[in-house]
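Since the structure comes first, as structure tokens, the remarks are kept for the end.
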Amino acid sequence: MLFMVELVHGPDKCPAVHPVIAAGSASHLAGLEQTASEHGARIVGGWSFPVGHKLWYVVEADDSSAVSDLFFAAQAHHWSTVTINPVIDHETFKERVLGATD
């Protein structure tokens, strides 16, 4: 399964301006791929919008518990709100939801 994970924080917890957060909890994001494999997950991709204080990751895992465990281990919850949503790719959406066949 695929999951879209969104991390949102405010300026008061932004690792870019708070060295303690950057060196502490936020530093765990640098090793997210390794942490993911330890929790039965795989990082498909990641994106950030620094001005908006948001990060997004697409994670492949068997279930949302593995994704939750991953971001808990990465300590993302110490400085961000973490939202996990199951998602499907656009081709699957077209087939299953729209009934489109190319």
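Here are the numbers for the structure shown:
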item	result
Positions within segment 60-81 being under 19 Å from Ser27 (Cβ atoms), touching a strand residue (DSSP E or B) at 6+ places or on another chain (Cβ under 6 Å) and hydrophobic (A, V, I, L, M, F, W, C), in sequence order	Leu70, Phe71, Ala76
Test result for Gly45, in contact with a strand residue (DSSP E or B) (Cβ under 7 Å, 6 or more places away or on another chain) and surrounded by 15 or more Cβ atoms within 10 Å (Cβ to Cβ)	no
Filtered residues of segment 81-102 (kept if aliphatic (A, V, I, L, M) and either under 30 Å from Ala22 (Cβ atoms) or at pLDDT 95 or above (or both))	Val82, Ile84, Val87
Unmet criterion (only one of (1) assigned to a helix (DSSP H, G or I); (2) farther than 24 Å from Phe93 by Cα; (3) out of contact with any His (no Cβ under 7 Å at 6 or more places or on another chain)) for Ser65	(2)
Residue list for segment 81-100, restricted to those being in contact with a helix residue (DSSP H, G or I) (Cβ under 6 Å, 6 or more places away or on another chain) and either assigned to a helix (DSSP H, G or I) or not β-branched (Val, Ile, Thr) (or both)	Ala100
Residue among His39, His78, His9 that is modelled with pLDDT of 95 or more and touching a helix residue (DSSP H, G or I) at 6+ places or on another chain (Cβ under 6 Å)	His39
Leading residue by the ranking (surrounded by the most Cβ atoms within 10 Å (Cβ to Cβ)) among those in segment 48-60 that are touching a His at 6+ places or on another chain (Cβ under 9 Å) and at negative phi	Leu55
Residues within segment 1-21 that are surrounded by fewer than 15 Cβ atoms within 10 Å (Cβ to Cβ) and either assigned to a helix (DSSP H, G or I) or of a type in the set (Phe, Trp, Tyr) (or both), tallied	4
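The values are calculated or read from the model by the stated rules, or taken from the named source; none is laboratory data. Keep in mind that this is a model prediction, so the values were computed, not measured. Neighbour counts run over all protein chains shown; Cβ positions are idealised from the backbone, glycine included.
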